[in-house]
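Let me begin by presenting the structure, written as structure tokens, before commenting on it.
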Amino acid sequence: MSKDRLRAQCLPENADCSYVKVTIGDQLAGNVFACRWKVKDKTVCWITQLVVHSDYRERGLAAGLLNCLRQEDDKIYGLMSSHPAACLAAAKTFGSGINSVSTSFISDNASSVMKESPIEYVRKAELRGNLFDSDDKTGAISSVFSNFFVDHAEPLEALNWVRQGLEWPLDVFRSFQDQPHPLSWPFPSWKDFREASVFTQLNYTNLVLLVLLFAYAIYQAWSKNASHTWSVLQFTPALLTIGQAEAEEAGRKSRYLPAPDFPPIEGLADFDYKTTEPVKLRPFKPKYNLTMAIENLDPNELLLMDKTYPSRIAYRRTILQNHQEDVCAIANEAVIAPAIRELYTFLLGTYLPIRFPRMFKLHQVDYETGKTYMLENLVTKEVYPAFPIPPTTKALVLLQTLGKTVDEDFFFLLPSDPAASSPLPLPSPSSASSEDPTSGGEPDKEASPSKYHLHAFVCCCPSGFSPRSKLGLPLASVHEPVPGYSSIIEGSMDRYFAKIQVGKYVKRVNWSIATHGELYASPAATAEGSNISTHAYAGDQITELAEVDPSQTFVRVERQTLHRLPNSKAIVFAFKTYLYPLDQFKADNGPEGAEQLAQAVDGLKVGNVPAMHFYKRGAVWAEAVKRYLRS
């Protein structure tokens with residue numbers, strides 16, 4: 001394609017256009033062009049060209065290029081491509097995968113979106129397929145006749161490969177895929193082409209219209225008036241160049257960003273998540289006493305990985321898309337954004353590439369405006385900016401990215417009401433109480449410390465609470481439903497949060513029994529018809545179970561961590577949720593372990609908070625669970 005034709009087709013005059021390229025060494029590895037226009041006050045970002053050199057495919061470069069195009073006000077993404085790899089990359093980047101695309105949105109909006117395009121071939125393209133014409137007999141679904149001459153030999157080969165792993169939803173080739181497809185253009189003239197059979201035309205025109213408009217995400221954005229239903233970083237450089245030589249340079253320092261204010265992290269060079277079982281936590285005691293029960297945590301073990309990582313991350317992506325308002329929110333961006341950026345850069349730029357080098361890799365990136373660093377997730381094949389983060393990138397987008405990069409839920413707290421324009425000064429640790437925070441004793445007589453409030457969170461695995469309902473609340477209000485919190489440990493909690501030092505990492509474990517396997521156990525899901533309650537409150541109607549299905553009943557354990565960020569001084573509370581099927585628990589731990597859990601169930605009714613048994617819905621499952629464990 002000549003430069004003049006390329007400019008005419010991809011960069012129309014007086015249009016809002018973007019261009020990103022990626023080079024490896026001195027070789028161009030790929031590039032993407034995009035053009036933007038408005039439709040009903042919604043910004044359309046249309047991918048006019050996406051190319052990755054064959055030597056550099058299956059490295060996540062296509063998704064990385066598309067990520068770099070995103071802008072905050074983009075509401076619709078569109079693409080016309082005959083190559084399934086381009087379709088898959090776009091659907092994954094802008095939505096949650098090819099099978100989540102809303103065909104009804106495409107059917108309803110493709111024509112109006114395309115007619116407003118400043119790109120002539122998009123504006124004049126003829127929609128084809130049964131999405132747009134129920135009488136269409138070509139076998140096409142969501143397609144376009146673009147008047148382009150395209151050799152489909154490589155796309156068809158790629159499509160056959162793709163079909164080995166998934167059912168292709170935009171199958172326009174099925175009627176003729178077993179016929180030979182010559183590599184050369186067989187028609188001597190346009191007239192001959194026009195007179196050819198419909199199926200031959202399908203084979204040689206640009207017929208897979210990913211006017212996907214990434215409709216599923218966009219439909220939600222329009223119907224809910226949400227600014228984002230996806231969670232990819234908004235990132236708009238003028239030019240992108242990945243310097244692979246620097247990224248692969250020998251020496252540990254070339255593989256991560258220095259983080260001198262954080263504890264040093266030791267790498268696990270041979271760690272293989274595929275063969276690593278989830279950690280088995282057994283925090284059971286014969287008498288339940290409500291205390292902080294914290295232990296020191298090695299900063300190296302801040303995050304844990306295991307073989308469930310791919311499925312958990314896929315689950316979290318779904319929850320983030322379907323329940324975004326409940327599971328990811330910020331009270332006041334001006335106040336909490338520095339803390340979110342601080343944790344984000346440490347995890348993506350330092351912790352993950354050092355600790356798990358076979359799962360995450362940092363690449364040096366050279367822009368016309370300077371250097372930055374991109375983290376490649378070697379498992380999901382996604383690429384995200386790690387540092388520096390563009391100032392226009394919303395903190396909510398960073399939270400979403402954290403939520404779908406690690407299987408951990410994060411809460412950010414500061415000693416101020418989020419309605420304030422800035423956080424209150426942090427109290428001096430030397431003035432805080434010296435009382436052991438694990439004791440659960442009576443509050444001392446010193447002046448009350450500042451009350452920490454929840455300023456932001458990403459929480460895909462809430463157990464019996466709506467994360468959104470906690471936003472902006474102080475610790476006492478966050479824990480208000482917990483029996484005994486205000487009378488037993490509220491004072492200790494407030495004092496500990498006030499005095500915990502930078503560099504101090506602690507952990508604790510919390511457990512319950514769940515009669516379902518749903519990680520997202522929020523009242524928001526219960527309101528939608530799911531019976532996934534994990535807590536009970538005064539006045540609730542309780543029905544005791546005669547028996548439980550041990551394969552669908554779980555010991556639900558949260559591994560909770562707490563630390564203070566060194567620069568923003570915000571406190572980060574985080575947890576990872578584990579579900580152990582009751583039958584597997586019994587098999588793994590034998591009669592002794594089963595009896596230990598049975599005694600712990602009874603122990604919920606004794607100790608310093610007998611009401612904890614009812615709060616954890618023990619009245620529903622306790623007797624049935626004990627009978628099974630002791631059988």
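Can you pull out every residue in region 441-460 that is at pLDDT 95 or above and farther than 19 Å from LEU396 by Cβ?
Residues of region 441-460 that are at pLDDT 95 or above, as a first pass: 452-460.
Within region 441-460, TYR452 is the sole residue that qualifies.
If you check ASP74 against the conditions, is it acidic (Asp, Glu), touching a residue at least 24 places away in the same chain (Cβ under 8 Å) and surrounded by 15 or more Cβ atoms within 10 Å (Cβ to Cβ)? Taking the combined requirement at face value, the residue satisfies it. Test MET359 against the stated conditions and say whether it is surrounded by 23 or more Cβ atoms within 10 Å (Cβ to Cβ), of a type outside the set (Phe, Trp, Tyr), closer than 16 Å to GLY60 by Cβ and in contact with a helix residue (DSSP H, G or I) (Cβ under 8 Å, 6 or more places away or on another chain). No: the conditions fail for MET359. Number of residues in region 579-602 that are farther than 20 Å from HIS613 by Cα and among the polar types (S, T, N, Q) equals 2. Can you find a residue that is assigned by TED's automatic domain parsing to the domain that holds ILE106, at pLDDT 80 or above and at positive phi anywhere in region 32-53? So far as region 32-53 goes, yes, one or more of its residues are assigned by TED's automatic domain parsing to the domain that holds ILE106, at pLDDT 80 or above and at positive phi. Search region 414-431 for residues being out of contact with any Pro (no Cβ under 9 Å at 6 or more places or on another chain) and modelled with pLDDT of 60 or more, and hand back the single one that is surrounded by the fewest Cβ atoms within 10 Å (Cβ to Cβ). If we take residues in region 414-431 being out of contact with any Pro (no Cβ under 9 Å at 6 or more places or on another chain) and modelled with pLDDT of 60 or more, then ALA419 is surrounded by the fewest Cβ atoms within 10 Å (Cβ to Cβ).
Does VAL572 meet the test of being assigned to a strand (DSSP E or B), over 30 Å from SER450 (Cα atoms), in the same structural domain as THR345 (by TED's automatic domain parsing) and touching a residue at least 24 places away in the same chain (Cβ under 8 Å)?
Here the answer is no, as VAL572 does not meet what is asked.
Filtered by the rule that a residue be touching an Asp or Glu at 6+ places or on another chain (Cβ under 8 Å) and surrounded by fewer than 19 Cβ atoms within 10 Å (Cβ to Cβ), region 583-623 gives ALA619, GLU623. For GLU518, the conditions (1) in a loop (DSSP other than H, G, I, E, B); (2) charged (D, E, K, R); (3) farther than 26 Å from VAL555 by Cβ are fulfilled apart from (3). If we scan region 87-102, do we find a residue that is modelled with pLDDT of 85 or more and either over 30 Å from LYS361 (Cβ atoms) or buried (at least 24 other Cβ atoms within 10 Å of the Cβ) (or both)? Within region 87-102, none of the residues are modelled with pLDDT of 85 or more and either over 30 Å from LYS361 (Cβ atoms) or buried (at least 24 other Cβ atoms within 10 Å of the Cβ) (or both).
Residues checked against (1) over 18 Å from THR405 (Cβ atoms); (2) within 20 Å of the chain's Cα centre (by Cα):
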{"site": "PRO263", "(1), (2)": "yes, no"}
{"site": "ASP272", "(1), (2)": "yes, no"}
{"site": "THR276", "(1), (2)": "no, no"}
{"site": "LYS280", "(1), (2)": "yes, no"}
{"site": "LEU297", "(1), (2)": "yes, no"}
{"site": "LEU302", "(1), (2)": "no, yes"}
{"site": "ILE313", "(1), (2)": "no, yes"}
{"site": "GLN321", "(1), (2)": "no, yes"}
{"site": "GLU333", "(1), (2)": "yes, yes"}
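The values are calculated or read from the model by the stated rules, or taken from the named source; none is laboratory data. Nothing here was measured: the structure is a model prediction, and the numbers come from that model. Here Cβ is always computed from backbone atoms with ideal geometry, including for glycine, and neighbour counts include all displayed protein chains.
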